[in-house]
Each structure stands twice: as structure tokens, then as C-alpha cells.
Amino acid sequence: MIKLVIFDLDGTLLDTIYDLAHSCNYALELHHYPTHPIEAYRFFVGNGMNKLVERALPESDRNPATIAKVKRDFLLYYADHSTEFTRPYPGITELLETLQVKGIKLAVASNKIDSATKYLIKRFFPQIAFSTVLGQREDFPIKPDPAIVYEIMKNADTDKGETLYVGDSGVDVDTALNAEVSLVSVLWGFRPKEELQAKGATLFIERAEEILGLLK
């Protein structure tokens, strides 16, 4: 019986791609680098902010110093523009409310900066009492390392057999497999089904409410 559902954030709960793309393009332009179409960012995100900026930069400039300065301006701009276009995916708010009423524990595990993760969850889902909301933190491994899932399960006092992980990317598939928890992959997010299948995903949903049927 599932007692805890852990959600990825970007591409799973929230459609954040436009604000992420505009913010990163702003920082790139500020440093006189070429920008990218929004669709390209669907394949830049997922492995943390450092990797996002690295992928956005020209290969010849993907060094630690350049990544750091572009990332700094990206995060400064994103802090003030993270909710201009970002919205929950259809049915997500209703799903979370229903799960909460049913007594299912809810949590978030993201590779987005921890402060931004917590801010967006509070901003868009103030009525939901998540047991744990965690993003990328200094000196803590990011997904697909399973440490974040283990920490959430410990906080929720649940074990692997009682946990369901929900995500939209290959990173999420790897995270669930590494943590040895059940996985459902969503098809409304940033990555194509083919990527998820190649990583080993076998259970897919196209609408948020389908999760309820998996918990019966």
C-alpha cells in the first residue's frame, strides 16, 4: 500500500520551462553568448543548475569560472522572474488536494536550487501540507543519487514498498530505480517517452488524475 508519493518539480508538478529559458537566455545575452529557443531547454534541465548552464554555453566556454558567473546572473534574474509563466500542469492541484484528503503523505524531490524549490511549492500549493520539500543543496548529492529519496522516506517514516515516485525525465527514472521504489513516469513533462523507456520506465500516465487509480 502506497503511503508516500514523492514528486519531481520541474516538468512534473509545474511547467517551469518558459521562466527557466528566459532567465538563462538573459544571463547568456548579458555575457555575450548566443541564446537558445525555449524547446532546447527541455533537454538542458534535469541535472541541476550547474549542468543547465553548462549545456547552454558554447562547448569552448564550459569551464568552471564561466559557468559560475553565468549561473550567478541566471539565478539573480530567475529569483525575480520565476513565476511569470510558471503554472501547475492541468489537474495537479486537484490531485494533490485529493491525495491529502486521503491521508497520503506528499513530498517533493528536485534538482532545482533548494530555496527556489521551496518558494515555488509555497507559492503554487499553499494549501498542501507536504511532509518534505527538498531541492539541490550544497554538499548534498543531486538526483539520480537516491539519497534525497531516502531522506524523504525517513522523514515520512515510510519504507520503499510504501513509496511511489513520480517524474518526467530519465533522471527521475534513474532516481527511482536507484532508490528501489515504485515509479510512474508522466508524459506531460519535458522529456519524450522514448527517453523514459530507454532508461527502464514501464508505467506511464498522460493525466494527473490517473495516479489515483494506481493507489487503489
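Odds and ends about this structure:
- Among the residues of the range 201-212, not a single one is at pLDDT below 95 and either in a loop (DSSP other than H, G, I, E, B) or more than 17 Å from the chain's Cα centre (by Cα) (or both).
- Residue within the range 206-214 that is touching a residue at least 60 places away in the same chain (Cβ under 8 Å), open to solvent by less than 20 Å² (accessible area, probe 1.4 Å) and in contact with an Asp or Glu (Cβ under 7 Å, 6 or more places away or on another chain) present: no
- If the condition is being touching a helix residue (DSSP H, G or I) at 6+ places or on another chain (Cβ under 7 Å) and open to solvent by 30 Å² or more (accessible area, probe 1.4 Å), then the range 99-122 contributes K105, I113.
- Where a residue in the range 59-83 is among the acidic types (D, E) and its partner, wherever it lies, is surrounded by fewer than 18 Cβ atoms within 10 Å (Cβ to Cβ) and part of a helix (DSSP H, G or I), with Cβ under 9 Å and at least six apart: D73/Y26; D73/L30
- Looking only at the range 139-179, residues that are under 17 Å from the mean Cα position of the chain (by Cα) and open to solvent by 50 Å² or more (accessible area, probe 1.4 Å) come to 8 in all.
- Output for the range 172-205, where each listed residue is among the acidic types (D, E) and either under 24 Å from L20 (Cβ atoms) or in contact (Cβ under 8 Å) with a residue 60 or more places away in the chain (or both): D172, D174, E194, E195
The values are calculated or read from the model by the stated rules, or taken from the named source; none is laboratory data. Since the model is a prediction, treat every value here as computed from it, not as a measurement. Heads up, the Cβs are rebuilt from the backbone with ideal geometry, glycines too, and the neighbour counts pull from every protein chain shown. With ligands, DNA and RNA removed, areas are computed over all heavy atoms of the protein, side chains included. Shrake-Rupley method; radii C 1.70, N 1.55, O 1.52, S 1.80 Å.
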